[in-house]
Amino acid sequence: MKIGDMDEVPQLKEYIIATYGDQIHDKSSLASVFNTNDGFKGFRCPMKRVDGGWTLNFQNRYFVEDIPEGFCVYKGIADLAGVKTPAIDKILGFFQKFMNFEFIRDGKLKGRDVGRTKAPQAFGITTLDEYINGTSRISQSKL
């Protein structure tokens, strides 16, 4: 099997159902899987009230968790594999300024705050072989 085959990627609806199970009240469509999922209750737009209106809340978990534990992981693996990630680079470059973090520098996941992520680089992994085969000396402080 070559990397990127469709059978390697779970279908979104089935993945969400497998993950949330009985928390979903209507499993008939992708929209209903999201709209009736108790696991998603309480999630709100990451905004906060300011004088004169609303602004993005960069301390919201969508930023402080999802970026370092999501986008940065994808970026880190792509860097190890030599895959360009222009969309991820643009997203990280834009939002890291507002979060007062530096994850990406010079197009690579090598900013001063990489250690705050769950990317392979935060664990001392520097090659794709180390990542795939587990041959790196992972920092015990991160485990």
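The values are calculated or read from the model by the stated rules, or taken from the named source; none is laboratory data. Because the structure is a prediction, the values reported are computed rather than measured. A quick note on method: Cβ atoms are made from the backbone with ideal geometry, for glycine too, and the neighbour counts reach across all protein chains shown. Side chains included, ligands, DNA and RNA excluded: accessible areas come from the protein's heavy atoms. Shrake-Rupley method; radii C 1.70, N 1.55, O 1.52, S 1.80 Å.
A Förster radius of 22 Å combined with the Cβ-Cβ distance from Thr36 to Tyr15 puts the calculated FRET efficiency at roughly 0.85.
The Rg/Rh ratio of region 34-143, with both radii computed over alpha carbons and Rh defined as the Kirkwood radius, is 1.05.
Based on protein heavy atoms only, the chain ends up with 68 Å² per residue of surface accessible to a 1.4 Å probe.
For the chain, the carbon plus sulfur part of the accessible surface works out to 55%, probe radius 1.4 Å.
For Ser29 and Lys118, the FRET efficiency from 1/(1 + (r/R0)^6), where r spans their Cβ atoms and R0 equals 22 Å, is about 0.10.
Pairs from the list Lys41/Lys75; Lys13/Lys110; Lys13/Lys41; Lys48/Lys84; Lys13/Lys90; Lys27/Lys118 with a Cα-Cα gap above 23 Å: Lys41/Lys75; Lys13/Lys110; Lys48/Lys84; Lys13/Lys90; Lys27/Lys118.
Springs between Cα atoms under 10 Å define the GNM used for the chain, and in it the highest mean-square fluctuation of Asp79, Asp113, Asp51 occurs at Asp51. Label sites at Tyr74 and Asn133, each approximated as a point 7 angstrom past Cα along Cα to Cβ, lie 2.9 nm apart.
Rounded to the nearest 500, the 222 nm mean residue ellipticity of the chain from helices alone is -9500 deg cm²/dmol, with -39,500 (n - 2.57) taken per DSSP H run of at least 4 residues.
Summarising the label geometry, the points placed 7 Å from Cα in the beta-carbon direction at Arg61 and Val83 lie 2.7 nm from one another.
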